[in-house]
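These notes concern the structure reproduced below.
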Amino acid sequence: MNRITELFNSGKKDILSVYFTAGYPSLNDTFRTITELEKRGVDMIEIGIPFSDPIADGPVIQKSGSKALLNGMTLSLLFEQLREIREYSQVPLVLMGYINPIVRMGIDTFLEHASRTGIDGVIIPDLPPEEYIEKHQAKFQKAGIFNNFLITPQTPDTRLRQIDEWSEGFLYMVSSAATTGSRESFDEKQLDYFKRVSDMKLKTPRLIGFGVSNHTTFEQACKYADGAIIGSAFIDAVSENGSLAQKVSGFLEAIR
Amino acid sequence: MKDTFLSNGKGYYGDFGGAFIPEMLRENVESLRKVYFNIIESDAFKKEFHDLLVNYAGRPSPLFLAKRLSEKYGAKIYLKREDLNHTGSHKINNTLGQILLARHMGKRRIIAETGAGQHGVATATVCALMNMECVVYMGETDIERQEPNVRRMEMLGAKVVPALSGNKTLKDATNEALRDWICNPEDTFYIIGSVVGPHPYPDLVARLQSVISEELLWQMKKAEGTEDPDYIVACVGGGSNAAGSFYHYLDRKNVKLIGVEASGKGVDTGLTAATIAVGEPGIIHGSMTMLMQTDDGQITEPYSISAGLDYPGIGPLHAWLAGSGRAQYMNATDQEALHAAYELTRLEGIIPALESAHALAVLGKLELKKEDVVVVNVSGRGDKDMQAYINARSLFNVNLEGRR
């Protein structure tokens with residue numbers, strides 16, 4: 001069974017998914033970041049594929065991506081770095097990245113690598129669900145890899161139900177009209193949106209992301225969804241000085 | 001009759017186009033897609049748009065027979081004078097159309113990206129005209145090399161925001177404009193400056209710019225007794241002036257369509273913006289097109305002396321015209337463009353924009369016959385490029401001594 005399904009079927013509450021940029025801060029941190037996060041109880045990990053032009057990302061993730069590319073990170077190197085990951089880790093792994101590097105590698109090759117590596121899902125913000133369903137879904141299903149869709153406060157209810165229908169893994173609930181980045185708390189309007197979607201009783205589990213950065217926002221998100229995704233705040237934490245292990249544990253203590 | 005080379009309902013030109021946008025932009029783009037066609041095809045829109053093009057922008061732009069240039073290249077060369085439009089380029093055609101559309105859709109805040117600053121100025125201009133808030137994203141590099149246009153935008157009341165990522169040029173300005181739109185989905189309309197971006201933008205901008213070739217039809221008929229020239233030549237960055245010049249001729253295969261990209265220091269130097277020459281299929285700014293990129297799918301930083309052509313992608317229409325062989329894409333280096341600009345200035349008394357100079361620069365590379373009729377689209381004027389022209393003066397001392 002896909003590890004994402006296992007996770008959401010396990011009855012576990014307050015799921016914490018952490019995003020980090022592959023090849024950041026150092027080129028060879030990718031593998032160890034995963035094992036450190038898993039060791040300290042993170043439930044799911046999103047591995048960011050750095051891209052030169054990340055239009056949905058705010059300054060923090062943009063910068064980490066540029067640095068990773070300078071470090072020499074590539075998509076094919078990522079698969080090499082992760083070749084033995086399943087001998088050390090059973091946490092659900094999701095690749096998050098923009099469509100161009102994936103198309104450039106070739107969808108078939110990408111899926112072959114992902115499947116062999118033990119990747120459970122992807123998040124590709126600039127691949128719209130319609131385009132995915134029409135052209136790629138069959139291949140992803142054959143490879144056993146879930147494509148997890150985004151929803152936003154602007155997504156109309158009818159479309160939300162349609163995306164829910166199409167979903168296999170989880171819904172990535174973008175918390176506000178914004179690019180990625182940390183915020184101190186959620187406002188009334190965001191909480192209304194969380195509640196509205198929560199009341200829709202969708203079949204697909206939901207994780208709230210964008211702007212989740214600390215204990216308060218994590219707790220608020222978990223109240224209205226199955227859990228939350230933290231990206232920029234984690235990138236900020238690993239950008240500090242210190243050992244990776246220390247930075248990871250320090251960060252997680254402040255969240256849960 | 002032009003259907004073969006226009007986009008289908010999903011915004012595809014052959015394999016190119018589409019709308020590769022994150023869900024955050026979906027409602028914005030979708031609400032535009034649903035209404036744009038009916039609005040711009042409505043009589044009320046057409047009337048108001050036409051009135052502004054004539055009485056505000058100064059259309060039709062003249063078709064001028066350039067006698068000395070013709071003599072030099074041994075063919076009959078006409079110049080389509082888009083440089084004479086209000087604000088100094090073809091960009092005003094598009095911004096007038098899009099701001100009317102924005103108003104129809106009830107939007108109050110306008111954002112735009114700009115390279116050379118021509119689209120930024122044209123956007124700031126129509127925002128002043130329509131009393132709308134205007135924010136223009138411009139790469140920091142371009143802010144430096146096109147300073148006069150920055151001052152014009154500011155005088156017109158626009159806020160010019162520097163884009164600080166990448167090479168700080170047009171691509172990066174477009175990224176920032178898209179991020180702004182993600183963060184301001186309710187009240188903001190994004191006026192894209194070229195035939196790029198997600199569907200429906202490439203089609204929308206091409207339609208608004210098609211006034212160029214619409215005029216060419218009757219101007220050619222009047223001047224030459226036939227609507228069809230042998231060649232139409234236009235420079236291509238994103239490709240809006242070329243799309244407008246080609247539009248009504250797409251199905252007239254007797255008319256050779258020539259797009260000219262900027263090859264910068266040269267196609268093989270790594271310092272180039274000639275996308276068709278060095279690109280591979282890829283996705284940039286919401287559209288599948290030809291794209292300058294690495295083997296890993298990272299978008300390559302382009303280079304050209306011309307800020308308006310300094311873009312690693314190209315409109316999907318052009319990717320398709322190139323792929324299908326309907327149009328031919330040539331290129332010109334910085335040097336060749338500078339030379340062509342001096343040449344036009346001295347032969348015809350017209351200082352072209354650096355962008356347009358690239359189109360002029362291929363005249364010597366076409367195998368022209370004496371009876372050939374060539375239309376070159378002079379997309380903009382050179383006021384903004386005076387510093388580059390002055391800097392380059394020493395290069396041309398020998399062959400461009402003042403004439404008596």
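The values are calculated or read from the model by the stated rules, or taken from the named source; none is laboratory data. Just so we're clear, the structure is a prediction, and the values are computed from it rather than from any experiment. So basically every Cβ, Gly included, is an ideal-geometry build from the backbone, and we count neighbours across all protein chains shown. Accessible surface areas use protein heavy atoms only, side chains included; no ligands, DNA or RNA. Shrake-Rupley method; radii C 1.70, N 1.55, O 1.52, S 1.80 Å.
A few points about this structure:
- Peptide A:42-52 - average C-beta neighbours from other chains (10 Å radius): 2
- Taking segment B:179-285 and dividing mean pair separation by its residue count, relative contact order in percent (alpha carbons under 8 Å, at least six apart): 22
- The GluC sites (Glu not before Pro) of segment B:179-245 that meet both conditions, a loop assignment by DSSP and at most 14 other Cβ atoms within 10 Å of the site Cβ, are B:186.
- Reported to the nearest whole Å, the Cα centre-to-centre distance from segment A:154-219 to segment A:1-60 is 18.
- Computed Kirkwood radius, in angstrom, where 1/r is averaged over Cα pairs of the protein assembly as shown: 25.9
- Residue with peak Gaussian network fluctuation, chain B [Cα springs, cutoff 10 Å], from B:241, B:184, B:331: B:184
- Here is the short version for chain B: B:183, B:235 have no other Cys C-beta closer than 4.7 Å.
- Residue mean of other protein chain beta carbons inside 10 Å, A:147-155: 4
- Convex hull (Cα only) mean projected area of segment A:118-242, reported in nm² to one decimal: 8.8
- Charge dipole (chain B, unit charges on Cβ, about Cα centre) - positive-most of B:102, B:360, B:243: B:360
- Cα-based reach from residue A:195 at 18 Å (exclusive), listing lysines while leaving out same-chain residues under 8 positions away: A:13, A:203, A:223
- Note: relative contact order over chain A, using C-alpha pairs below 8 Å and six or more positions apart, is 21 percent.
- P(r) weight above 23 Å for segment B:268-404, C-alpha pairs, percent: 41
- Per-peptide average of other Cβ atoms within 10 Å, ordering A:96-102, B:192-198, B:313-319 highest first: B:313-319, B:192-198, A:96-102
- Each listed q (0.14, 0.16, 0.20, 0.23 Å⁻¹) maps to a log10 I(q)/I(0) for segment B:171-248, found by the Debye formula over equal Cα scatterers with no solvent: -0.56, -0.66, -0.87, -1.02.
- Zero-based 5 Å bins, Cα pair distances in segment A:81-137, whole percents: 4, 17, 27, 27, 13, 9, 3, 0
- Among the listed pairs B:80/B:171; B:222/B:370; B:72/B:256; B:10/B:369, those whose Cα-Cα separation exceeds 31 Å are B:10/B:369.
- Computed over segment B:268-365: relative contact order in percent, which uses C-alpha pairs under 8 Å that are six or more apart: 21
- Taken as Cα centroids, segment B:264-316 and segment B:109-131 sit 25 Å apart, rounded to the nearest whole angstrom.
- Cα-based shape type of chain A, given that a ≥ b ≥ c are square roots of the gyration tensor eigenvalues and the cut on a/c is 1.5: rounded
- Cross-link pairs A:67/B:168; B:47/B:221; A:63/B:384; B:221/B:253; B:46/B:159 - those with Cα-Cα distance over 27 Å: A:63/B:384; B:46/B:159
- Reported value for chain B: 132 Å³ per residue, from the convex hull of its C-alpha atoms.
- For segment B:1-144, the Kirkwood radius over C-alpha pairs fed into Stokes-Einstein at 25 °C and 0.890 mPa s yields D = 138 µm² per second.
- Nonpolar atom fraction for the protein assembly as shown, defined as the carbon and sulfur part of the 1.4 Å probe accessible area, stands at 50 percent.
- Whole-number D in µm²/s for segment B:152-200 (Stokes-Einstein; Kirkwood sum over Cα pairs; 37 °C, 0.692 mPa s): 268
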